[in-house]
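A short worksheet on the structure shown next.
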Amino acid sequence: MTDILREAFFLPGDHAPGRFALLRRPAGEVRGAFLYIHPFAEEMNRSRRMMATAAEAFAHAGWAVLQIDLTGCGDSGGSSADAGWRRWLDDVSAGYAWLREHLDLTPHLWGLRAGCLLAESWLRQTDSAASALYWQPVLSGRQHLSQFLMLKAAGAMAGEGSAKTIMGPLRERLAGGEAVDIAGYTVSAELARGLEEASLENAARPHGQTVVVEAVSGERNLTPASADARARWLEAGAAVIWEVVGGSPFWLTQEITLAPAMTSRTLALIGAWDQ
Amino acid sequence: MDIKQQVLQVVDEVLALNGRALAFELDTPLLGAVPELDSMAVVGVINLLEERFGFYVEDDDIDGSTFATVGSLVAFVSGKLR
């Protein structure tokens, strides 16, 4: 286990003071680098501790990890109203460029939940040959957006309201180009559309390797949706490894939980990604 | 594992009840009776049920009565799986 260095700074961005970034790297030789892309909304907050411990473990194992806070997500400039799918893709570009320039290597992308959707969108759009590490990926952006809109409906459901009476008008406002406010987040129509159109249900990326790791408690089987997606990726000839380990769903539990097996298994799987 | 036990496992994990939910019966009340089940947790339960069982919850599928008791939630999941 090697000593690690930590550095926090802001990358230049449209909203002062810029894009918050946290770099962890081994004190010695760097075997490769990851740009970490966080989940959407509350899943980002709930997963902070797990992802910090994972990034530490990666750095101890020789990997540099740059965690960026996407625009409007708290630590970077801008409010949640300034967040947008295209802007987030620009954030990824900025973080990726910084890593490549400062470490002089081809970084890989590491996403958690909706961060995987953003990473995949970026990889498909840039035609990059970078490899991708996806943790507990959201497979359907459409479903993820629905789950988020459901937050507003869930409050009403404690009374006599039904989900539909709340969700219908929300969807209409987004379709009409308006932003909606949910659980303390302002979601622009552009962000909602970008998220809704993103998907990992099918492989559409010609280059690079993909490692997917999911955590389930109890029996270690892929969920039906993941098993289907994995089969489609393999059928399309994608270079993908898709595994499941035991662990708590730390991205959504009410209390802070960890899934250390995700970290240890991943470090074993990416052992050949050195460059 | 039967549907009821899988549903209770999801409820237990999302609410961090440390196994307490696994002993719930079909007539155990949920919404309004389990303090940990706030709106964020309701969505967390829906989210994990969708992913574990592989179904998709439509806007008009659910209302407050879905989460009234363990039995109503199990009936909802069973209906989605038919």
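When the stretch A:228-275 is filtered for residues that are open to solvent by less than 40 Å² (accessible area, probe 1.4 Å), within 14 Å of chain B (Cβ to nearest Cβ) and among the aliphatic types (A, V, I, L, M), the ones remaining, listed by number, are A:Ala229, A:Val244, A:Leu252, A:Ala259.
Just for the stretch B:37-65: of the residues that are among the polar types (S, T, N, Q) and within 7 Å of chain A (Cβ to nearest Cβ), which one is surrounded by the fewest Cβ atoms within 10 Å (Cβ to Cβ)? Restricting to residues being among the polar types (S, T, N, Q) and within 7 Å of chain A (Cβ to nearest Cβ), the top hit is B:Ser39.
Every residue, every condition in (1) within 24 Å of A:Ile182 (Cα to Cα); (2) among the aromatic types (Phe, Trp, Tyr); (3) in the same structural domain as A:Leu269 (by TED's automatic domain parsing), yes or no:
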residue	(1), (2), (3)
A:Ala54	no, no, yes
A:Phe58	no, yes, yes
A:Ala94	no, no, yes
A:Gln125	no, no, yes
A:Met150	yes, no, no
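Out of A:Ala189, A:Ala179, I need the residue that is free of Cβ contacts under 8 Å to residues at least 60 places away in the same chain and either in contact with a strand residue (DSSP E or B) (Cβ under 8 Å, 6 or more places away or on another chain) or not assigned by TED's automatic domain parsing to the domain that holds A:Ala132 (or both). Which one? Going through A:Ala189, A:Ala179 in turn, just one is free of Cβ contacts under 8 Å to residues at least 60 places away in the same chain and either in contact with a strand residue (DSSP E or B) (Cβ under 8 Å, 6 or more places away or on another chain) or not assigned by TED's automatic domain parsing to the domain that holds A:Ala132 (or both): A:Ala189. Which condition does A:Ala81 not pass, out of (1) at pLDDT 95 or above; (2) out of contact with any helix residue (DSSP H, G or I) (no Cβ under 9 Å at 6 or more places or on another chain); (3) more than 26 Å from A:Thr263 (Cα to Cα), if it passes all the others? Here A:Ala81 meets the rest and fails (1). Of all residues assigned to the stretch A:198-208, none qualifies as being among the hydroxyl-bearing types (Ser, Thr, Tyr), open to solvent by 20 Å² or more (accessible area, probe 1.4 Å), more than 14 Å from chain B (Cβ to nearest Cβ) and in contact (Cβ under 8 Å) with a residue 12 or more places away in the chain. Exactly one residue out of A:Ala203, A:Ala192, A:Ala231, A:Ala215 is assigned to a loop (DSSP other than H, G, I, E, B) and among the aliphatic types (A, V, I, L, M): that is A:Ala203. Is the stretch B:24-36 home to any residue that is more than 19 Å from A:Asn221 (Cα to Cα), touching a residue at least 12 places away in the same chain (Cβ under 8 Å), facing chain A (nearest Cβ under 10 Å) and more than 9 Å from the chain's Cα centre (by Cα)? Scanning the stretch B:24-36 turns up at least one residue that is more than 19 Å from A:Asn221 (Cα to Cα), touching a residue at least 12 places away in the same chain (Cβ under 8 Å), facing chain A (nearest Cβ under 10 Å) and more than 9 Å from the chain's Cα centre (by Cα). If the condition is being within 12 Å of chain A (Cβ to nearest Cβ), surrounded by 22 or more Cβ atoms within 10 Å (Cβ to Cβ) and not aromatic (Phe, Trp, Tyr), then the stretch B:67-82 contributes no residue at all.
Kindly indicate whether any position in the stretch A:30-45 is basic (Lys, Arg), in contact (Cβ under 8 Å) with a residue 24 or more places away in the chain and open to solvent by less than 10 Å² (accessible area, probe 1.4 Å). Taking every residue of the stretch A:30-45 in turn, none turns out to be basic (Lys, Arg), in contact (Cβ under 8 Å) with a residue 24 or more places away in the chain and open to solvent by less than 10 Å² (accessible area, probe 1.4 Å).
Checked against the criterion of being open to solvent by 10 Å² or more (accessible area, probe 1.4 Å), more than 30 Å from A:Val244 (Cβ to Cβ), more than 19 Å from the chain's Cα centre (by Cα) and at pLDDT 95 or above, the candidates A:Ala158, A:Ala175 yield just one match: A:Ala175.
The values are calculated or read from the model by the stated rules, or taken from the named source; none is laboratory data. Because the structure is predicted, anything quoted here is derived from the model rather than measured. Because the Cβ atoms are built from the backbone with ideal geometry, glycine has one as well, and the counts that use them run over all protein chains shown. Keep in mind that these areas ignore ligands, DNA and RNA; they rest on the heavy atoms of the full protein, side chains included. Shrake-Rupley method; radii C 1.70, N 1.55, O 1.52, S 1.80 Å.
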